[in-house]
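The values are calculated or read from the model by the stated rules, or taken from the named source; none is laboratory data. Quick caveat: nothing in here was measured; it's all calculated off a predicted structure. Note: ideal-geometry Cβ built from the backbone for every residue, glycine included; neighbour counts use all protein chains shown. Remember, those area values only see protein heavy atoms, side chains included, never the ligands or the DNA or RNA. Shrake-Rupley method; radii C 1.70, N 1.55, O 1.52, S 1.80 Å.
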Amino acid sequence: MDYLAQNKSRFIDDLCQYVKFPSVSAQASHRADMTACAKWLVARCRRIGLEARLCPTAGHPIVVAKTPRARGSKKPPYLIYGHYDVQPAEPFKLWKSDPFKPRIEGRSLFARGASDNKGQNLAHLNAVEAYLKTNTELPCDLTFLIEGEEEVGSRNLGGFLEANRKELACKAVVISDTGMPSLKFPALTYALRGIISCEVTVHGPSRDLHSGIYGGTVDNPAMALCQILGQLRDKQGRVNIPGFYDGVAKLSAHERKEAARLPLSAVEYRKSLGVPQLFGERGYTFGEQRSARPTIEINGLTSGYQGEGSKTIIPALASAKLTFRLVPNQDPAHVRKVILKRLHQLCPPTVRLEVKAGHGGEAYLVSPTSPLAQAGLRTLKEAFGHEPILMREGGSIPIVTQFKKVLHADSLLLGLALPDDNAHSPNEKFSLDCYEKGMRMGALLWPELARVY
């Protein structure tokens, strides 16, 4: 722990260097930046004494780094997962500073990727550095797996796991890519929502038409798309797709009790989001709505003229990007099938519908009473000095189900992000207090996990 304290300022400098890379996996223009960021990580890992290499894929490279280990080691092996890719920073005009030029204000570091996920995975690397540089024996054999495609569905990581399952075999996977309510309420996430994404395009005339000359004789694709989308959710906040809720299990009394411990009122939550009133599925608290219930969201709408002034046209097409969040026991293949069926049912014969499937993944659930989870809870309490809580997370990490299927390993989700970190939004930040305590957590975790298996 002394080493972590002595190198505190350097660890902040390292994070500043890490977030300078515009490692946006969704944009082809940043392909060179992705590779540069991955190479920086490899060099960083080697500098602290890890055996690290860059692993090419059909997309962006994967970084694998291992602690030194003796042949035939009997130490329990664990995998630490993270990702170096980030979300697009647009709209740039809403940022108070350049998203790829880190800015420290008070105890917060502002930059795209600071919280999701560079600060969180670097905290674990720093904790392991403390062991290696002080010649303190690690009680576990550790392998870091840091990918560059989490934000686009981890499309090449599944195959990488299959091809390297022997090398990556582990007792469990440690992931810090989730959140906690506050520094006084560290959290173990025991469930994640799954996801299905798609892009819906409504095609009308073969070209944009003069709305005065042709209006009233052809259907407007933008109007048709809005009418389709408007029927996918009812006034009670439920997804209006037959079969969508098949398999969804009710929350237990214990789960609802744990959820009620979250230190945030509905009024505080509403004010923090800047909305006049909350909206969600009736019969559930806002905490349950955002973490334990399935949803539909429109992520983007595109049609017609977007420039200054007016342009009186009937657009040739209109499109929308949709995501559906899934909960445990929902089958993504079944849900995708009923979504597609519903969209075609709602599409009028006056236009043509096209649906492009995007990335997807199952929801994840692990027992919060397992020895693995209990070790995580003990570590959180010691690192943060407060009693931790159990929580479901509304976001998705699709690869955790692949870890279970391919490596037969459960994931221990110990998030370091705060609710106001603005992940996926302008002015993303990471708490330097969470960064420091996350390093302490990483250092304390391995003796606890060594006793589990």
On a 30 Å Cα-Cα criterion, which of the cross-link pairs 96/257; 8/405; 311/337; 171/437; 235/341 come out too long?
96/257; 8/405; 311/337
Determine the gain in length on full extension of the stretch residue 74-residue 329; use 0.36 nm per residue of separation and subtract their C-alpha separation, reporting nm with one decimal.
88.2 nm
Give the accessible area for residue 92 in Å² (nearest 10); use a 1.4 Å probe, count only protein heavy atoms, and leave out ligands, DNA and RNA.
110
Per the 1.4 Å probe, what fraction of the accessible area of the chain, in percent, lies on carbon and sulfur atoms?
52
Built amide H within the under 5 Å cut-off of residue 233, gap 5+
240
Residue separation between residue 164 and residue 6 times 0.36 nm, minus their alpha-carbon distance, gives in nm 53.2 nm
Once amide H atoms are placed 1.01 Å from N in the peptide plane, what residues at a sequence separation of 5 or more from residue 80, or on another chain, have their amide H within under 5 Å of its amide H?
143, 144, 145, 174
Computed from the beta carbon distance with a Förster radius of 56 Å, FRET efficiency for residue 66 and residue 213 to the nearest 0.05 stands at 0.25
Give the distance, in whole Å, between the Cα centre of the range 284-326 and the Cα centre of the range 3-36.
31
Where a ≥ b ≥ c are the square roots of the eigenvalues of the C-alpha gyration tensor, would you call the range 102-157 rounded, which needs a/c under 1.5, or, failing that, prolate if a/b is larger than b/c, or oblate?
oblate
Quick note, the range 145-303: a/c under 1.5 would make it rounded; otherwise a/b > b/c is prolate and the rest oblate (a ≥ b ≥ c, C-alpha gyration tensor); here it is oblate
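In the neighborhood of residue 59, defined by Cβ-to-Cβ distances under 12 Å, what is the net charge if each Lys or Arg adds +1 and each Asp or Glu adds -1?
The answer is -3.
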Within the chain, the percent of DSSP beta bridges that are antiparallel, given to the nearest 5, stands at 70
Compute the distance in nm between two label points, each set 7 Å from the Cα along the Cα-to-Cβ direction, one at residue 46 and one at residue 206.
5.9
Rounded, prolate or oblate (a/c below 1.5 giving rounded, otherwise prolate when a/b exceeds b/c) for the range 390-453 by Cα gyration tensor:
oblate
Report the extension gain between residue 107 and residue 135 in nm, rounded to one decimal, defined as 0.36 nm multiplied by the number of residues separating them, less their alpha carbon distance.
7.0 nm
Surface per residue (accessible, 1.4 Å probe) for the range 150-298, Å²
51
For the range 147-209 and the range 252-276, distance of Cα centres in Å
25
Would you compute, from DSSP H runs of 4+ residues alone, the mean residue ellipticity of the chain at 222 nm, taking -39500 (n - 2.57) per run and dividing by the full residue count, rounded to the nearest 500?
-9500 deg cm²/dmol
